[in-house]
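A.B. asks: Input: one structure, supplied below.
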Amino acid sequence: MAILVFVEDAGDELSQQAIAFGRSLAGDSDPLDAVRITNDGAGYAPAAWAHALAEVISERRPAAVVAPGSERGNEVLAHVAARLDLPMAAHCTSVALGDPAEVVRLRWGGSLLEEARIHGSPVLLTVAPHAIAADGVLDPAEIESVAASEEPADLLVRVSERVPSAVAGVSLADAEVVVSGGRGVGSAEGFVALEELASLLGGAVGCSRAVTSAGWRPHSDQVGQTGTKVSPELYIACGISGATQHLAGVKGAKKLLAINPDGEASIFASADYAVIGDLHEVVPAISAEIRKARGS
Amino acid sequence: MNILACVKRVPLTGGRIVLTDDERAISTRHLGFTVSPHEECACEEAVRLVEQHGGSSTVLTLGPPEAEEQLRDMMAIGVERAIHLVSDGSESDPQATAAAIVSAVREQGFDLLMFGNESADAGNYQVAVRVAYALGLPVVTGVKAIAVLDGGAAVRCEQEVPGGRDVYTVPLPAVVTVKEGINLPRYPSVPGRLRAKRKPVESTVAGPVDARLEMVRLRLPSGAEKQTQVLGHGADAAPAVISVLAELGLV
Amino acid sequence: MVIIGAGIVGNSVAYHLTRLGETDVTLIDKGPLPNPGGSTGHASNFIFPVDHSKEMTALTLESVRQYRDLGVFTQSGGIEIARGRERMQELTRRLASAKSWGIEPVSLLTPAEVKELVPYMNEQLILGGFHTPGAGVVDSLQAGTLMRERAIAAGMNVFANTEVLGVDVSGGRVRRLRTTRGDIEVDRVVIACGAWSPRIARMAGASIPLTPMVHQMIDIGPAPRFADTTGLIEYPIVRDMDTNMYERQEGTGLEIGSYAHRPITLDPDEIPSIEEAPLTPTELPFTQEDFDPQMEIALELMPEIVGDESVGVKYAINGVLSVTYDGMPLLGETPEVRGLWSAAAVWIKEGPGVGKTVAEQMVHGESEIDVYESNVARAYPCQKTSFHVKARASESFNKMYGIVHPSEQWESDRGVRVSPFYERERALGAVFYEAVGWERPQWYECNAALLEEYGDRVPRREAEWESRWWSAIINAEHLAMRDRAGLVDLTAFAIFDVSGPGALHALQRIALRQMDVPAGRVVYTPVLTPGGAFKADLTIMRLAEDRFRVVTGGAYGRSDMKWFADHLPDDGSASLSDQTSAWTTLGLWGPRAREILSAITGEDVSHGGLPFASCKRIEVGPLEVIASRISYVGDLGWELYVPMEQGARLWDIVYEAGAPHGLVPVGIGVYGTTGRLEKGYRAYGAELDGDYNVVEAGMAWGTVKPEDFIGRDAHRRHREEEPAAIMCTLTVDDHTSATGVKRYMMGGEPVLTRDGDVLVDRRGRRSYVTSAGAGPSIGKHILMAYLPPSEAVVGAPLAVEYMGERFPVTVAATDATPLFDPSNSRVRS
């Protein structure tokens, strides 16, 4: 039973996770095909990519098609599913093939798990980010390239231009350190201290949904289920209570330091390190200590 | 421009999630309901586009009778018309959801059909795409800015990607899924609330369909609580924090 | 000791306990600090000090004083607006209450004046407003935090996130708290858990009878009108009384709250846990459809703010608050478990005052503010049931801002306690009023014929307000009783026996008067607090050497019983047993009473055979009756006690024997008001409470008994000093109001000089009407009031403010001398 993996980009971590997931499905005996779509430098066109992928699927009839749980992975597979009128399960953490196939997938941004059955073949699924480690990477040479469709109807939606990010510095999604503030920061001005600490650590500033709703920070700073999902080495949560909506965005963080005056705040349940205290005192003290250590 | 925004009634979570006894839903004994955040932004965007370019806005939901509350919530922030595909409230899979929407809107001549990028609860990432294919319309997902071009002939959509924004220009009619951050939805005004209360809701019954993505049961992820190391209290904890930063190679 | 609950009440109790020198104090809460998630966290936090209840007003004023001291009070002023004529009349009553309780300045405003203070209001909708400049808004969370910090500085321990799992009780005392962080040995526990209080009490086998209820509120903003406000609160709070709503500006927003929606009660167990609650546990999801009508009302009243399309609804909740069956808090030690205290059903406006009061009670055994109406021990078992609490809380919810008549009757959960005479009374056309669950005839429609018989001698009333919940038949019954005889159902008495070898000693300790009297004597006695204030007044029959029967009013009977139980000797030599449901009482009074009683008993009931203030067992037909010769109506007669199940037979015998003598059934309208007022008899809860002492009440006759008793030292001191006020009886000279309609005071009104100046005694207490009612036999409307000594002169001309007008009154008695039968020849004949 062949497994087909759709690879968005050979070097991309979520694509590698999809390959690892596909490999675990295929085991040692079944063939594993990894496919990426090329379009000769023209902009990304989801329908064109999906059309090409759907043809590969129709041709090879794999038991399952696995795509990364990235924005494009979900999008391309959704197109494939619509085109082939097949069910699709997004953000799966495990699958047992069969008729029907049984999957476990994320709901509520990972706050809940769903056990579901997929009635259709092949099984279309995307892999929940970080559900599986990206080991056993394929040699890029083993990834097959397939040309995107060039039918005009498939190219109606196509990236015509990329506007680079105006913001200088580290992007929230890529930052090694994220200094994030919640309702406890109290005001837009309160973020000055967080910005200072982030800049000392070469990191980015994030915030909770309460903060963007209050208009203290732009939505682009929001970490959470409906904001940016981050994966820093250290996430510093300042005055954040720890709502499930927020925690859904920090699942990728390696370590979490929480600063909160309430020693029993629910954020501490997810924290590796805790400082109990008022962030307005603690954060400047950390910055001062860093400066002292650097002798400046 | 006639704009449709599709929304889903979901529980307003915040605290610890508790499941119902049959493990097929979240217990909502203590919870209110809302629409998914992305979808609330879709409605706000629809209202703003109509304010700028004329036309009319419509909100649609597939859900139990109680979902009328969410339709009225959206009318309270300015959506003019509401369509309710009344279900028995059980889980509707993405294909069934898309089919129900398609049959309700096929003849309505919407120029722009807006969805949330994914629902807050199920997060299937596909209903809008399926609707687009069924209607033969282009679809752009994950949109964080929309501009109407050529007097309503097309829209320019921006999608956030690592390092910047990808731009799509799509002829109308089209399907667009939006993400929170495209706008900051307004709070309903009291007159808006009262107007919404008096507006009609067009409702039709949506029959049950066999699910092809069939939810069996829900469960809570095993809560492997972390061992939390308390570094200290107040400003005195700063040196301990520095040690941790050093350990992690961050200073 | 441990205080459970770190809301405004718990923090305040904790602070005051440490202030009073308690060192071993621990505060715990299952939630986090500073906002553990109870009702304090979402309270609207505004305070209108004026209330018709003296006790509630005192708690509120004390709370405002403390909030001011803590620097968390913002004085914004407040306006209660009237949309209808009856509300305007009610506002004049509030004016009078403000004057009685010393809250000044207050004033009535015209619509234009209201508009000046609240420019965004549509003044076309209103007839006027009642302005309280001293009203304001507090930061209750901050107040709690400051008080907690002070208590911590004084050595208190605090454990947040610590939930109580169990309360161990043995030997009737609280011993141990079991919590999520281990056990705590305790000798005293204060339950200050707001809406959760019943749950904690139940763990100990006690009861705190309140129900959580939902109150809706929304915040809208930002309003352009408020864009330039510099202070947090710049406009007065508006209470839209007739619609049960309020609106108040804070910052750039307006908060709109309502008590107008359908009553929504919950069980304490239905409140979500902290973990499950999307906001805090007491901020429940908003139910829009319940609030829609209120939005329309607010929009109409404040169109500029509420009708602005740019002003959004930013926050909307169904907030949980605690409501009791009678609207008063639940304070004091629970009657079920020694050492287990309640400080519950308290709102922000009275929180710190309650904290101080409960702490004082715990440390001193009494409090500066007498809170007898809030005593948790007051409830009878049938009043503690969830059914009753929910029924009454639901009924009162929409009256939160209501115009509540002093005699207004409950509609829900009636007919719970009925006397053996009930069916007979019904047949006679009794109009039943409720007292602590009992159905008591207020008057009998069958006596309507007496109106004709007595004609012009029957005082009538003209105004609708005073005629409401009232009938002239009461006055006709009064005259018939004075002429012939009346039969009164007194089943609502609370009765308990104190017996055992130590009974006499115990009662000597509790009662002011000499209790070492021969068996068969009846003693009417005040019961004092350690400070010499009134705790109760009641009668005690010595039935035998070692057995006494205490008879007290139903209203505070349970509180009195707890006081007695608390002060029995520790050695078990005296015990108390409740007889309330075992005995019924029938009062027989009037000039023909002896003829009637003689006709049905062979015993000697002559003045010599059964003198005043004595009792004995007599046979009446097949019944053994205890006949007690005392009177609260000032006529010859007896209280006749029989076991409950024999009551009906007693009624029939007396009724039949009385017929030839013109005996009439007489309601509580006579017994509780007209009869006693003509005799100058004081009533607990009106003339007698913790604010006044025996000397001031004019009841310090005789010498002080040599035996020690509670309050003796203070009482002796009171006898030595000049009283600051003297209980006086006054009569109204002219009832004619400006419209020509005669008006009759009902109690609570301020007593003034003829020029309208308030009377204040040297302890700062205002003179107000403690009781008011007709005196049919003397042809005058009678008032009672404490007056400063300078005014306590027979014949002194004074005035009473009522419904916005002043009426001339004259002092008629300055001591216990009755206006009717001053020599007491009737009772002693």
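A.B. asks: Looking at C:THR60, is it buried (at least 23 other Cβ atoms within 10 Å of the Cβ), within 30 Å of A:SER266 (Cα to Cα), among the polar types (S, T, N, Q) and in the same structural domain as C:ASP219 (by TED's automatic domain parsing)?
C.D. replies: Numbers: buried (at least 23 other Cβ atoms within 10 Å of the Cβ): yes; within 30 Å of A:SER266 (Cα to Cα): no; among the polar types (S, T, N, Q): yes; in the same structural domain as C:ASP219 (by TED's automatic domain parsing): yes.
It is false that C:THR60 is buried (at least 23 other Cβ atoms within 10 Å of the Cβ), within 30 Å of A:SER266 (Cα to Cα), among the polar types (S, T, N, Q) and in the same structural domain as C:ASP219 (by TED's automatic domain parsing).
A.B. asks: Tell me which residues, restricted to segment C:273-288, are modelled with pLDDT of 90 or more and at the interface with another protein chain (Cβ under 9 Å from one of its Cβ atoms). Full working, then the answer.
C.D. replies: The initial filter retains those residues of segment C:273-288 that are modelled with pLDDT of 90 or more, namely C:281-288.
Once the filter is applied, which keeps residues that are modelled with pLDDT of 90 or more and at the interface with another protein chain (Cβ under 9 Å from one of its Cβ atoms), segment C:273-288 yields C:PRO281, C:LEU284, C:PRO285, C:PHE286, C:THR287, C:GLN288.
A.B. asks: Which condition breaks for C:TRP651 when tested against (1) over 18 Å from C:ASP483 (Cβ atoms); (2) in a loop (DSSP other than H, G, I, E, B); (3) among the hydrophobic types (A, V, I, L, M, F, W, C)?
C.D. replies: It fails just one condition, (2).
A.B. asks: Quick test for you: out of C:SER322, C:SER342, pick the one residue that is more than 23 Å from C:LYS562 (Cα to Cα), away from chain B (no Cβ under 14 Å) and at pLDDT 95 or above.
C.D. replies: Numbers: C:SER342 fails: more than 23 Å from C:LYS562 (Cα to Cα).
C:SER322 is the lone residue from the list that is more than 23 Å from C:LYS562 (Cα to Cα), away from chain B (no Cβ under 14 Å) and at pLDDT 95 or above.
A.B. asks: Could we say that C:HIS505 is of a type outside the set (Gly, Ala, Ser), assigned to a helix (DSSP H, G or I) and buried (at least 19 other Cβ atoms within 10 Å of the Cβ) here? Quick ask: steps written out before the conclusion?
C.D. replies: Working: of a type outside the set (Gly, Ala, Ser): yes; assigned to a helix (DSSP H, G or I): yes; buried (at least 19 other Cβ atoms within 10 Å of the Cβ): no.
When the stated conditions are applied, C:HIS505 does not pass them.
A.B. asks: Something else: How many residues, within segment C:321-339, are in a strand (DSSP E or B) and in contact with a Phe, Trp or Tyr (Cβ under 9 Å, 6 or more places away or on another chain)? Break it down into steps so the answer makes sense when it comes.
C.D. replies: At the first step, the residues of segment C:321-339 found to be in a strand (DSSP E or B) are C:321-324, C:330-333, C:338.
If we keep only those that are in contact with a Phe, Trp or Tyr (Cβ under 9 Å, 6 or more places away or on another chain) too, we end up with C:321-323, C:331-333.
The qualifying residues number 6.
A.B. asks: Which members of segment C:10-49 meet the condition of being crowded, with 21+ Cβ neighbours inside 10 Å and either aliphatic (A, V, I, L, M) or not assigned by TED's automatic domain parsing to the domain that holds C:CYS193 (or both)?
C.D. replies: Within segment C:10-49, C:VAL13, C:ALA14, C:LEU17, C:VAL25, C:LEU27, C:ILE28, C:LEU33, C:ALA43, C:ILE47 meet the criteria.
A.B. asks: So B:MET215 fits all but one of (1) part of a loop (DSSP other than H, G, I, E, B); (2) crowded, with 16+ Cβ neighbours inside 10 Å; (3) out of contact with any Lys or Arg (no Cβ under 6 Å at 6 or more places or on another chain); (4) not small (Gly, Ala, Ser); what number is the exception?
C.D. replies: Failing condition for B:MET215: (1).
A.B. asks: Here's a follow-up. So A:MET1 passes all but one of these: (1) at pLDDT below 95; (2) within 21 Å of B:ASN124 (Cα to Cα); (3) of a type outside the set (Gly, Ala, Ser). Which condition number does it fail?
C.D. replies: (2)
A.B. asks: Could you tell me which of the residues B:GLY142, B:GLY123 is within 12 Å of the chain's Cα centre (by Cα), at positive phi and touching a residue at least 12 places away in the same chain (Cβ under 8 Å)?
C.D. replies: On the way: B:GLY123 fails: touching a residue at least 12 places away in the same chain (Cβ under 8 Å).
Result: B:GLY142 is the single residue among B:GLY142, B:GLY123 that is within 12 Å of the chain's Cα centre (by Cα), at positive phi and touching a residue at least 12 places away in the same chain (Cβ under 8 Å).
A.B. asks: If you don't mind, there's one more thing I want to ask. Of the residues that make up segment A:110-126, is at least one farther than 20 Å from B:GLU23 by Cβ, touching a Pro at 6+ places or on another chain (Cβ under 6 Å) and more than 7 Å from chain B (Cβ to nearest Cβ)? Break it down into steps so the answer makes sense when it comes.
C.D. replies: Here is the first cut: in segment A:110-126, the ones farther than 20 Å from B:GLU23 by Cβ are A:119-126.
Subsequent filtering for residues that are touching a Pro at 6+ places or on another chain (Cβ under 6 Å) retains A:119-120, A:122.
Now restrict to residues that are more than 7 Å from chain B (Cβ to nearest Cβ): A:122.
Checked against the condition, which is being farther than 20 Å from B:GLU23 by Cβ, touching a Pro at 6+ places or on another chain (Cβ under 6 Å) and more than 7 Å from chain B (Cβ to nearest Cβ), segment A:110-126 yields at least one hit.
A.B. asks: Continuing with the same structure: What do you reckon, is B:ALA96 touching a residue at least 60 places away in the same chain (Cβ under 8 Å), among the small types (Gly, Ala, Ser), more than 11 Å from chain A (Cβ to nearest Cβ) and part of a helix (DSSP H, G or I)?
C.D. replies: Details: touching a residue at least 60 places away in the same chain (Cβ under 8 Å): yes; among the small types (Gly, Ala, Ser): yes; more than 11 Å from chain A (Cβ to nearest Cβ): no; part of a helix (DSSP H, G or I): yes.
In short, no.
A.B. asks: Filter segment B:151-199 down to residues that are farther than 27 Å from A:SER165 by Cβ, more than 14 Å from chain C (Cβ to nearest Cβ) and of a type in the set (Gly, Ala, Ser), then give me how many there are.
C.D. replies: First, pick out the residues of segment B:151-199 that are farther than 27 Å from A:SER165 by Cβ: B:151-153, B:171-173, B:186-199.
Filter once more, so that each one left must be more than 14 Å from chain C (Cβ to nearest Cβ): B:151-153, B:171-173.
Restricting the remaining residues to those that are of a type in the set (Gly, Ala, Ser) gives B:151-153.
Residues that pass the stated criteria total 3.
A.B. asks: Taking the condition of being touching a strand residue (DSSP E or B) at 6+ places or on another chain (Cβ under 8 Å), among the small types (Gly, Ala, Ser) and farther than 25 Å from C:PRO818 by Cα, how many residues in segment C:717-769 meet it?
C.D. replies: Total satisfying the criteria: 3.
A.B. asks: Looking at (1) in a loop (DSSP other than H, G, I, E, B); (2) in contact (Cβ under 8 Å) with a residue 24 or more places away in the chain; (3) not polar (S, T, N, Q), which one does A:VAL80 not meet, given that it meets all the others?
C.D. replies: The one condition A:VAL80 does not meet is (1).
A.B. asks: Condition first: at the interface with another protein chain (Cβ under 7 Å from one of its Cβ atoms) and aliphatic (A, V, I, L, M). Now tell me which residues in segment A:258-287 satisfy that.
C.D. replies: A:ALA265, A:ALA269, A:ALA271, A:ALA274, A:VAL275, A:ILE276, A:VAL282, A:ALA285, A:ILE286
A.B. asks: Shifting gears a bit: Which one of A:ASP174, A:ASP85, A:ASP154, A:ASP139 is surrounded by fewer than 16 Cβ atoms within 10 Å (Cβ to Cβ) and more than 8 Å from chain B (Cβ to nearest Cβ)? Lay out the reasoning, then the answer.
C.D. replies: Working: A:ASP174 fails: more than 8 Å from chain B (Cβ to nearest Cβ); A:ASP85 fails: more than 8 Å from chain B (Cβ to nearest Cβ); A:ASP154 fails: surrounded by fewer than 16 Cβ atoms within 10 Å (Cβ to Cβ).
Going through A:ASP174, A:ASP85, A:ASP154, A:ASP139 in turn, the sole match is A:ASP139.
A.B. asks: Oh, and also: Residue under question is A:LEU106, and the condition is that it be surrounded by 20 or more Cβ atoms within 10 Å (Cβ to Cβ), more than 9 Å from chain B (Cβ to nearest Cβ), at pLDDT 95 or above and in contact with a strand residue (DSSP E or B) (Cβ under 9 Å, 6 or more places away or on another chain); does it hold?
C.D. replies: Working: surrounded by 20 or more Cβ atoms within 10 Å (Cβ to Cβ): yes; more than 9 Å from chain B (Cβ to nearest Cβ): no; at pLDDT 95 or above: yes; in contact with a strand residue (DSSP E or B) (Cβ under 9 Å, 6 or more places away or on another chain): yes.
For A:LEU106, the condition - surrounded by 20 or more Cβ atoms within 10 Å (Cβ to Cβ), more than 9 Å from chain B (Cβ to nearest Cβ), at pLDDT 95 or above and in contact with a strand residue (DSSP E or B) (Cβ under 9 Å, 6 or more places away or on another chain) - is not met.
A.B. asks: Go through C:THR580, C:THR585, C:THR601 for me and flag whichever is within 24 Å of C:GLY486 (Cβ to Cβ) and free of Cβ contacts under 8 Å to residues at least 60 places away in the same chain.
C.D. replies: Numbers: C:THR580 fails: free of Cβ contacts under 8 Å to residues at least 60 places away in the same chain; C:THR585 fails: free of Cβ contacts under 8 Å to residues at least 60 places away in the same chain.
From the options C:THR580, C:THR585, C:THR601, the qualifying one is C:THR601.
A.B. asks: Mind listing whichever residues of segment B:99-131 are out of contact with any Leu (no Cβ under 8 Å at 6 or more places or on another chain), within 11 Å of chain A (Cβ to nearest Cβ), surrounded by 21 or more Cβ atoms within 10 Å (Cβ to Cβ) and not in a loop (DSSP other than H, G, I, E, B)?
C.D. replies: Once the filter is applied, which keeps residues that are out of contact with any Leu (no Cβ under 8 Å at 6 or more places or on another chain), within 11 Å of chain A (Cβ to nearest Cβ), surrounded by 21 or more Cβ atoms within 10 Å (Cβ to Cβ) and not in a loop (DSSP other than H, G, I, E, B), segment B:99-131 yields B:GLY116, B:VAL127, B:VAL129, B:ARG130.
A.B. asks: OK, next. Name the one entry in C:ALA627, C:ALA599 that is over 13 Å from C:MET481 (Cα atoms) and surrounded by fewer than 20 Cβ atoms within 10 Å (Cβ to Cβ).
C.D. replies: Details: C:ALA627 fails: surrounded by fewer than 20 Cβ atoms within 10 Å (Cβ to Cβ).
Checking each option against the conditions leaves just C:ALA599.
Here is a yes/no grid of residues against (1) among the hydrophobic types (A, V, I, L, M, F, W, C); (2) part of a loop (DSSP other than H, G, I, E, B); (3) outside the structural domain of A:LEU112 (by TED's automatic domain parsing); (4) surrounded by fewer than 21 Cβ atoms within 10 Å (Cβ to Cβ):
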site: A:GLY202; (1), (2), (3), (4): no, yes, yes, yes
site: A:GLY206; (1), (2), (3), (4): no, no, yes, no
site: A:THR212; (1), (2), (3), (4): no, no, yes, no
site: A:TRP216; (1), (2), (3), (4): yes, yes, yes, yes
site: A:GLN225; (1), (2), (3), (4): no, yes, yes, no
site: A:VAL275; (1), (2), (3), (4): yes, no, yes, no
site: A:ALA288; (1), (2), (3), (4): yes, no, yes, yes
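A.B. asks: Which of the residues belonging to segment A:230-276 are without any contact (Cβ under 8 Å) to a residue 24 or more places away in the chain, touching a helix residue (DSSP H, G or I) at 6+ places or on another chain (Cβ under 8 Å) and under 20 Å from A:ALA210 (Cβ atoms)?
C.D. replies: Correct list: A:LEU256, A:LEU257, A:ALA258.
A.B. asks: Can you run down the residue pairs with Cβ atoms below 8 Å, 6 or more apart or on separate chains, where the first is in segment C:375-391 and of a type in the set (Gly, Ala, Ser) and the partner is modelled with pLDDT under 95?
C.D. replies: Once the first residue is of a type in the set (Gly, Ala, Ser) and sits in segment C:375-391, its partners that are modelled with pLDDT under 95 give C:SER386/C:ASP267.
A.B. asks: Does B:LEU71 count as outside any helix (DSSP H, G or I), modelled with pLDDT of 95 or more and under 15 Å from the mean Cα position of the chain (by Cα)?
C.D. replies: Details: outside any helix (DSSP H, G or I): no; modelled with pLDDT of 95 or more: yes; under 15 Å from the mean Cα position of the chain (by Cα): yes.
Considered against the rule, which asks whether it is outside any helix (DSSP H, G or I), modelled with pLDDT of 95 or more and under 15 Å from the mean Cα position of the chain (by Cα), B:LEU71 comes out as no.
A.B. asks: Okay, moving on. Is it the case, given these coordinates, that C:ILE81 is crowded, with 24+ Cβ neighbours inside 10 Å and under 21 Å from C:SER258 (Cα atoms)? Talk me through it step by step, then tell me what you get.
C.D. replies: On the way: crowded, with 24+ Cβ neighbours inside 10 Å: yes; under 21 Å from C:SER258 (Cα atoms): yes.
For C:ILE81, the condition - crowded, with 24+ Cβ neighbours inside 10 Å and under 21 Å from C:SER258 (Cα atoms) - is met.
A.B. asks: Also, quick follow-up: How many of the residues making up segment B:206-251 are modelled with pLDDT of 90 or more, of a type in the set (Lys, Arg) and farther than 28 Å from B:LEU62 by Cβ?
C.D. replies: Within segment B:206-251, residues that are modelled with pLDDT of 90 or more, of a type in the set (Lys, Arg) and farther than 28 Å from B:LEU62 by Cβ number 0.
The values are calculated or read from the model by the stated rules, or taken from the named source; none is laboratory data. It should be emphasised that the depicted structure is a prediction, and the values quoted were computed from it without experimental measurement. Positions of Cβ are generated from backbone atoms using ideal geometry, with glycine treated the same way; all protein chains shown enter the neighbour counts.
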